[in-house]
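Following: one structure in structure tokens, then a few remarks.
The values are calculated or read from the model by the stated rules, or taken from the named source; none is laboratory data. This one's a predicted model, so the numbers in the text were calculated from it and none came from an experiment. We place every Cβ from the backbone using ideal geometry, glycine too, and count neighbours over all the protein chains shown. SASA here: full protein model, heavy atoms, side chains in, ligands and nucleic acids out. Shrake-Rupley method; radii C 1.70, N 1.55, O 1.52, S 1.80 Å.
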Amino acid sequence: AISYIDYSKIKISDDNTISVPEGTELDLGAVAKGYACDKLKEFYDNEKVSCAIVSMGSSSLLYGTKPDKTKFTVEIKNPEGGQPLGLIETGQTFISTSGGYERFFEVNGEKYSHIFNLKTGFPAESDITSVTVLCDSGIKSDFLSTLIFIDDTKGLKNHLNASDYKIVVATKDGKVYCSKGLDFVLNDGCGFVMG
């Protein structure tokens, strides 16, 4: 199946017809919700909407300014279940979360994530359980949350220090990592500690 993975094989004709080699399918699962949030932001900008909250499940748009002028409050789900991981307070942003704790399949008692590693062709094996990304683009937040999950904690330092997006990451060893400058509060009863 890996031999079919190659975005350069996608052909778009002058009449916008898309074609791919036989046996190949397009799967926009890692960016479709983020893209939809981007399109909604464009619509809200054109329609002069003052405030909106749009949730596509794992990707959301927090738009404009709330009527009471306070920040948006976002609860981050605990990948282990139980009490929420914590809360983020933020202004307008796109926010996306990736993890294998809700969508997975099970074979012989072992759980496998729905997120696949394109290099191996197998479900991603990561020491990360949850990645939340906040930035100024829906498609970017959606893509980055998946990418960081697949890359696991090896590249985490670079992501934590990124200037154009912020992250909250929960790991299998019970730690939470958060970008500097992000208004995140860990829930005391969530079972995780700050890393």
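Are any of the residues in the range 148-168 in contact (Cβ under 8 Å) with a residue 60 or more places away in the chain, part of a helix (DSSP H, G or I) and among the polar types (S, T, N, Q)?
Checking the range 148-168: not a single residue is in contact (Cβ under 8 Å) with a residue 60 or more places away in the chain, part of a helix (DSSP H, G or I) and among the polar types (S, T, N, Q).
Going through the range 36-52 one residue at a time, which ones are among the aromatic types (F, W, Y) and open to solvent by less than 100 Å² (accessible area, probe 1.4 Å)?
Y44 - this is the single residue of the range 36-52 that is among the aromatic types (F, W, Y) and open to solvent by less than 100 Å² (accessible area, probe 1.4 Å).
Considering only residues of the range 1-35 that are of a type outside the set (K, R), in contact (Cβ under 8 Å) with a residue 12 or more places away in the chain and in contact with a helix residue (DSSP H, G or I) (Cβ under 7 Å, 6 or more places away or on another chain), which is least open to solvent (accessible area, probe 1.4 Å)?
Filtering first and then ranking leaves G34.
Restricting the search to the range 130-149, which residues are touching a helix residue (DSSP H, G or I) at 6+ places or on another chain (Cβ under 7 Å) and open to solvent by less than 20 Å² (accessible area, probe 1.4 Å)?
Hits for the range 130-149 are V131, T132, V133, L134, C135, G138, S141, D142, I148.
Which one of these is within 19 Å of S58 (Cα to Cα) and surrounded by fewer than 22 Cβ atoms within 10 Å (Cβ to Cβ): D164, D173, D152, D127?
D152
Pairs needed: first member in the range 183-195, within 8 Å of L85 (Cα to Cα); second member anywhere, of a type in the set (S, T, N, Q); C-beta distance under 6 Å; at least 6 residues apart or different chains.
Filtered contacts from the range 183-195: N187/Q83; C190/N78; C190/Q83.
Which residue pairs have Cβ atoms under 6 Å apart, sit 6 or more places apart or on different chains, and have a first residue in the range 87-108 that is touching a residue at least 60 places away in the same chain (Cβ under 8 Å) and a second that is among the hydrophobic types (A, V, I, L, M, F, W, C) and open to solvent by 60 Å² or more (accessible area, probe 1.4 Å)?
Matching pairs, first to second residue: L87/V185.
Give the range 56-110 a look and list any residue that's part of a strand (DSSP E or B), open to solvent by 40 Å² or more (accessible area, probe 1.4 Å) and farther than 29 Å from E125 by Cβ, or say none.
Within the range 56-110, T73, L87, E89 qualify.
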